[in-house]
Amino acid sequence: MNKTSQFTLFSVLNLCLALPAQANRYELQDPNDSIIGEIAYVVADERDTLLDIARRNSLGYQDMKLVNPDVDTWLPGEGQKIVLPSQFVLPVASREGIVLNVPEMRLYYYPPSKDGEVREVYTFPLGVGREGWRTPYIKTRIVEKKVKPNWYPPESIRKEHEEAGDPLPKIVKSGPDNPLGDYAMRLGLPEYLIHGTNKPYGIGMRVSHGCIRLYPEDIEALFSQVPLKTPVNIINQPYKVGVRNDVIYLEAHTYLEEDEEQYNNNLTSVVSHIIDIAGDREYEIDWAAAYEEINNPTGLPVVIGMYLPKVMQAK
């Protein structure tokens, strides 16, 4: 099945429905599946920008532009049909605590659950560190939580602002001019935070000095759920592989510029993910479809293969 056919199939299945109100929360009914959500659609009105639509549906700028490349960011136009990329392949990582996938610019939170309970996952779009201030890939924890935090700009950031003719004070008090927003969670990594923002249109972009930014309403929702010592795993997976009903999907995002040598036209990480999730099961992969997706990423899960029936494997 080619990409156009898959997109048409998604259109028929979703019947142009908008996202539900609880767009951030998903139940993991089958622990073997790794696809959540469904692609949806809205129609813009004359007052909308693509960024307005993104925020209303807890999506970021990059999410929207990958799948709506020909739609004008500032003037989509009344009656313009907008694709909401609201279906996600879960990262290939341990499903505990917070998983931050930097090139995808998305956070996944797996709250603790008791035996016998259906597991849940929450997901939110991010703003991440720009080139030269990249967000580090590391396993750490939440070590502090603050409401109405003050910001103490590091010396490196103050120097940058001073050289640009925009000096910063040593302390930026909480309020509308504070870039941390109303909530902040400090990582066990000096000077790095998961926090809100006073510039929400930067979500889905590389705009920070390495910290993780969320929409104000998203960080408020996350802050209330995440306890201290929650594990945080910061990963680099522009290409994610997942399974639903024995069908194998690939979701590709634009890799970071500094990672071009590692990911450009390179399926090594895809092969590694397939091996990780397949275990001892046999499968068939359409490698041409996989190459097409990584070279022209849409941010949508696309079918690239399937597991072989166990009867066939036995033969």
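Side notes on the structure shown:
- Extension gain, K148 to E284, is 43.8 nm, computed as 0.36 nm per intervening residue step minus the present C-alpha separation.
- For region 180-315, the fraction of 1.4 Å probe accessible surface lying on carbon and sulfur atoms is 52 percent.
- Using only the C-alpha atoms, the convex hull of region 56-99 corresponds to 98 Å³ per residue.
- Computed with every protein chain present, the accessible area of Y152 is close to 130 Å² [probe 1.4 Å].
- Length added when fully stretched, I138-N198, from 0.36 nm per residue minus Cα-Cα: 19.0 nm
- Accessible-area rank, largest first, for K146, K199: K199, K146, with all protein chains present and a 1.4 angstrom probe.
- Only Lys, Arg, Asp and Glu carry charge here, each on its Cβ (+1 for the first two, -1 for the last two); on that basis region 197-304 has a dipole of about 560 debye about its Cα centre.
- Considering only the Cα atoms of region 66-127, their convex hull presents on average a projected area of 6.1 nm².
- Ordered from largest to smallest accessible area (heavy atoms of protein chains, 1.4 Å probe), the residues W74, W151 come out as W74, W151.
- Low-density loop cleavage sites - GluC sites (Glu not before Pro) in region 21-90, where at most 12 other Cβ are within 10 Å (DSSP): E46, E78
- Set of region 68-108 residues, backbone N closer than 14 Å to the point 7 Å along the Cα-Cβ line of D33: 87-90
- Span per principal axis, largest first, for the Cα atoms of region 30-115 (Å): 49, 24, 18
- Amide proton proximity set for R106, modelled H, under 5 Å, gap of 5+: N101, L126
- Part-to-part distance (alpha-carbon centres) for region 200-270 and region 75-123, which is given in Å: 9 Å
- Residues of region 200-231 with amide N under 11 Å of a point placed 7 Å along Cα→Cβ from D52: none
- Computed accessible area, S113, all protein chains, 1.4 angstrom probe, square angstrom: 50 Å²
- Selection from N68, P91, T49 lying farthest towards where the dipole of region 48-98 points positive, charges on Cβ: P91
- Greater than 25 Å apart at Cα, pairs in K139/K199; K139/K240; K199/K229; K199/K240; K145/K173: K139/K199; K199/K229; K199/K240
- Accessible area in square angstrom per residue, region 250-297, 1.4 angstrom probe: 55 Å²
- Taking 16 Å as the cut-off, the amide N atoms of region 177-198 that come nearer than this to a point 7 Å along the Cα-to-beta-carbon line of S94 belong to 188.
- P(r), alpha carbons of region 221-306 - 5 Å bins starting at zero, rounded %: 3, 13, 23, 19, 13, 11, 10, 6, 2
The values are calculated or read from the model by the stated rules, or taken from the named source; none is laboratory data. Worth saying up front: this structure is predicted, and the values here are computed from it rather than measured. In this analysis, Cβ positions are derived from the backbone assuming ideal geometry, glycine residues included, and neighbour counts consider all displayed protein chains. Ligands, DNA and RNA are excluded from the accessible area calculation, which covers all protein heavy atoms including side chains. Shrake-Rupley method; radii C 1.70, N 1.55, O 1.52, S 1.80 Å.
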